[in-house]
Amino acid sequence: MFELKPLSKEAIPAALEKATRYRLLNEPGEAESICHDVLAAEPDNQPALIILLLALTDRFGKTYAIGMMPANEVLARIRDPYEKAYYAGIVNERRAKAQLQKGSPGAGHDAYAYLLEAMNCFEKAESLRPPGNDDALLHWNVCARIIMRNHLTARTEDPSALQLE
């Protein structure tokens, strides 16, 4: 195996800019790698954790998708209560959108559950938000519109009780 080359602390601001640029270019793997390099140099770097979290959730619904565990592990390291609640909402919102995109049986019910959890997180974030920051309520509205436009509902039957004929 290879020993990874360490990033200098002086290079961290430019590296974070590159990670953001890679996310915007729809290259979440590159952004994730850069964030891991930043976090190796500064394990508690909050901007790197947030960019990493977003890069991980960029993969939801893709062929190179990841599960929820890595995103939840990064989320647990975010210190600010507002940002923790807000990004927990983002994780759930993106998971719901991935479920809808997948379109498998029951995906709408799963998406509904994720959207409700996202809305709960956004309500918590809204109560903690800094003045003039309405991002959480904007995302709450997005979730509500997705539910209404897609006529999503809660699961009413037990998904493990599939009946075979």
- Relative contact order, percent, of the stretch 56-144 when contacts are C-alpha pairs under 8 Å separated by at least 6 residues? 28 percent
- A correct Karplus calculation of ³J(HN,Hα) over the stretch 98-111, with 6.51 cos²θ - 1.76 cosθ + 1.60, θ = phi - 60°, whole Hz and x for Gly and Pro, returns 5, 5, 5, 5, 5, x, 6, x, x, 4, x, 5, 5, 4
- Residue-normalised value, i.e. accessible area per residue, for the chain at 1.4 Å probe, in Å², stands at 62 Å²
- Across Thr20, Thr153, Thr57, the residue with the highest GNM fluctuation in the chain (Cα network, 10 Å cutoff) is Thr153
- Item | Carbon/sulfur fraction of accessible area - the chain, other protein chains in place, 1.4 Å, % | 56 percent
- How big is the Cα convex hull of the chain in projection, averaged over all directions, in nm²? 12.9 nm²
- Note on the structure: Of the listed links Lys9/Lys84; Lys18/Lys62; Lys97/Lys124; Lys5/Lys124; Lys9/Lys97; Lys18/Lys97, those spanning more than 28 angstrom between alpha carbons are Lys5/Lys124; Lys9/Lys97
- Task: Given the options Ala71, Ala85, Ala11, state which has the largest fluctuation in a GNM of the chain using a 10 Å cut-off (strictly under) for Cα springs.
- Result: Ala11
- Message: Can you give me the distance in nm between label points at Glu3 and Ala107, each placed 7 Å from the Cα along the Cα-to-Cβ direction?
- Response: 4.6 nm
- Note on the structure: For Asp37, the net charge from surrounding residues (Cβ-Cβ under 12 Å; K, R +1; D, E -1) works out to 0
- Note on the structure: Expressed as a whole-number percentage, the relative contact order of the chain with C-alpha contacts under 8 angstrom and at least six residues apart is 15 percent
- For the chain, built as a Gaussian network whose Cα springs stay under 10 Å, the top-fluctuating residue of Pro105, Pro81, Pro43: Pro105
- Item | Between helix 46-58 and the chain: long-axis angle, C-alpha atoms, 0 to 90°, nearest 10 | 40 degrees
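The values are calculated or read from the model by the stated rules, or taken from the named source; none is laboratory data. Quick caveat, the model's predicted, so the values are computed rather than measured. Glycine also receives a Cβ, built like all others from the backbone with ideal geometry; neighbour counts cover every protein chain displayed. Just the protein is used for accessible areas: all its heavy atoms, side chains included, with ligands, DNA and RNA removed. Shrake-Rupley method; radii C 1.70, N 1.55, O 1.52, S 1.80 Å.
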